[in-house]
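Undergrad: I have a structure here, written as structure tokens, and I will follow up with some questions on it.
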Amino acid sequence: MNSIELRTAFSLAFVYVLRMLGLFMVMPVLAISATSYPDYSAFLVGLAIGGYGLTQAILQIPMGVLSDKIGRKPVIVGGLILFSIGSVLAGLSESLTWIVIGRFLQGAGAIAGAIMALAGDLSREPQRPKVMAVIGISIGFSFYLALLLGPIIAGKFGLSGIFMATGFLALGCILLVMFAVPNAVNIAPKGDTLPVIDDIKNLFIHPQLLRLNISVLLLHMMITLVFVQIPILLVDLSWPLASHWQVYLMVLVASIIGLLGLMKVAAKHPSGILQISVLGLALVFICMIFGHHSLVYLIILISLFFTCFNYLEANFPAMVSNIAPAGKKGSAMGIYASFQFFGAFIGGVTSGSISEYFGLQWVFVIASLVCVLWLFLIRGLQATNRLKRYTLKTQNQTTDLAFQQLAKLEGVMDITLVPSEQVVYLKADGKHFDIQQARDLLNIPE
């Protein structure tokens, strides 16, 4: 990567980390800290934890499309302003209801699509996957960092301290976007980074993508459900909130070791490991039904949960990318992200409602039943070969004959021509596909 691409990757990754920290840091602490508010209820706690997911899900695709019309940076800055307002509002709130409203506003800053599109605009096609990978890694890093920092900050400054800190950090991110992130010179083809409205309907009902979309909805439903309940269980076991980060640190280390083991087995049996991971989640919730009165026992169960969660969370996006038709990856990922965030909303509301009206055990009963049903859904996922994606700019004089010849090249599995963008999107088997042959057919200089 050149200097502009490095600057783009790390500055946008930093924006992503700070923003996601603000969304995630309250998850491991809100269930405990919220008890001090006069309108406390388990339902409102669940809504506050998962509420950001609803506005994220609704606005994810529209904000991405808007960035294509008015520019990436204005949408990113506008989203960060909304996020900051929501954070400060939640930080100043004296009731749980207003925290819920603040969380909805935080989620309204749905800038993921615009960030990815800007990263695409500022990177060359061969280097684009590296830039995206740096930003992708930052998302996972922010979640685990939030688990450790949330209890520490809440222990010293309270829940309002977390919200106020993230609100001011978001304002700092605006300066970063305006002055540190380079301005886009070349606008990248948008098919693999941004959702296209005309593609949404067909991709929404695509059988394999729909299974993945529902799967990520259920996965994030489970993670949000867990964080409505786990902090309460830890406090019940005489583990104070300010020390919860120690538990999460042990859990993260154990789950990383477990993840490495799953990845080793998955190299030979990928589809089987998906089912085993869902079965592992079901096992965790079944065990929770029958008791969670030992700290060691609870840590083992949470570690198993995170091992399975981490494997699925890492593999689902790669599967979406692989299955999505050529030139439709941006739309497929936009739909996927909407399902992902909507799952967080459902998990918070479901967990809070069931625990308030029926009791904690029924939360785990429902979760285990959902995981069993999920097993049947995920069994229908078909294994696919890992294919590489290529984006080639065409010339005005590109003929239909050249396009047909391109489609017949060895290794080409899927091809989409978009005349309005003067671009051809390809999915091909990298072992057999010769990119230079494709360039020659399209008269593209080296």
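Quick grid of which residues meet (1) farther than 22 Å from Gly155 by Cα; (2) at pLDDT 85 or above; (3) open to solvent by 80 Å² or more (accessible area, probe 1.4 Å):
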{"position": "Met250", "(1), (2), (3)": "no, yes, yes"}
{"position": "Gly272", "(1), (2), (3)": "yes, no, no"}
{"position": "Val278", "(1), (2), (3)": "yes, yes, no"}
{"position": "Leu301", "(1), (2), (3)": "yes, yes, no"}
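Undergrad: Follow-up. Quick one: Phe143 ticks every box in (1) at pLDDT 90 or above; (2) closer than 25 Å to Phe227 by Cβ bar one, so which box is it?
TA: It is condition (1) that Phe143 fails.
Undergrad: Counting only residues that are β-branched (Val, Ile, Thr), more than 14 Å from Gly191 (Cα to Cα) and surrounded by 18 or more Cβ atoms within 10 Å (Cβ to Cβ), which one in region 395-438 is modelled with the highest pLDDT?
TA: Filtering region 395-438 for residues β-branched (Val, Ile, Thr) gives 398-399, 412, 415-416, 418, 423-424, 435.
With more than 14 Å from Gly191 (Cα to Cα) added as a condition, the list becomes 398-399, 412, 435.
Pick out the ones that are also surrounded by 18 or more Cβ atoms within 10 Å (Cβ to Cβ) and you get 398, 412.
Numbers: Thr398: 57, Val412: 80.
That would be Val412.
Undergrad: Taking Arg72 as the residue in question, decide whether it is charged (D, E, K, R) and at pLDDT 90 or above.
TA: no
Undergrad: Right, another one. Name the single residue, out of those in region 313-358 being of a type in the set (Val, Ile, Thr) and under 16 Å from Ile58 (Cα atoms), that is most open to solvent (accessible area, probe 1.4 Å). Break it down into steps so the answer makes sense when it comes.
TA: Within region 313-358, the first condition is being of a type in the set (Val, Ile, Thr), and the residues that meet it are 320, 323, 335, 346, 349-350, 354.
Among the residues that remain, those that are also under 16 Å from Ile58 (Cα atoms) are: 335, 346.
On the way: Ile335: 7, Ile346: 44 Å².
Of everything passing the filter in region 313-358, Ile346 is most open to solvent (accessible area, probe 1.4 Å).
Undergrad: Ok, one more. Mind checking which residues of region 216-240 are in a helix (DSSP H, G or I) and open to solvent by 30 Å² or more (accessible area, probe 1.4 Å)? Give the steps one after another, and end with the answer.
TA: Going residue by residue through region 216-240, those that are in a helix (DSSP H, G or I) are 216-236.
Result: Ile232, Val235, Asp236.
Undergrad: Any idea which of Gly343, Gly334, Gly330, Gly347 is in contact with a Pro (Cβ under 7 Å, 6 or more places away or on another chain) and modelled with pLDDT of 85 or more? Reasoning before the result, please.
TA: Details: Gly343 fails: in contact with a Pro (Cβ under 7 Å, 6 or more places away or on another chain); Gly330 fails: modelled with pLDDT of 85 or more; Gly347 fails: in contact with a Pro (Cβ under 7 Å, 6 or more places away or on another chain).
Being in contact with a Pro (Cβ under 7 Å, 6 or more places away or on another chain) and modelled with pLDDT of 85 or more holds for just one of Gly343, Gly334, Gly330, Gly347, which is Gly334.
Undergrad: All but one of (1) at pLDDT 75 or above; (2) part of a loop (DSSP other than H, G, I, E, B); (3) within 30 Å of Ser277 (Cβ to Cβ) hold for Thr384; state the number of the condition that does not hold.
TA: If we test Thr384 against (1) at pLDDT 75 or above; (2) part of a loop (DSSP other than H, G, I, E, B); (3) within 30 Å of Ser277 (Cβ to Cβ), just (1) comes out false.
Undergrad: Could you check how many residues of region 97-152 are over 16 Å from the mean Cα position of the chain (by Cα), open to solvent by 40 Å² or more (accessible area, probe 1.4 Å) and of a type in the set (Val, Ile, Thr)?
TA: 3
Undergrad: Here's another thing I want to ask about it. In region 19-67, how many are assigned to a loop (DSSP other than H, G, I, E, B), of a type in the set (Gly, Ala, Ser) and open to solvent by 30 Å² or more (accessible area, probe 1.4 Å)?
TA: 0
The values are calculated or read from the model by the stated rules, or taken from the named source; none is laboratory data. Since the model is a prediction, treat every value here as computed from it, not as a measurement. Glycine also receives a Cβ, built like all others from the backbone with ideal geometry; neighbour counts cover every protein chain displayed. What goes into the accessible areas is simple: the full protein's heavy atoms, side chains included, and nothing from ligands, DNA or RNA. Shrake-Rupley method; radii C 1.70, N 1.55, O 1.52, S 1.80 Å.
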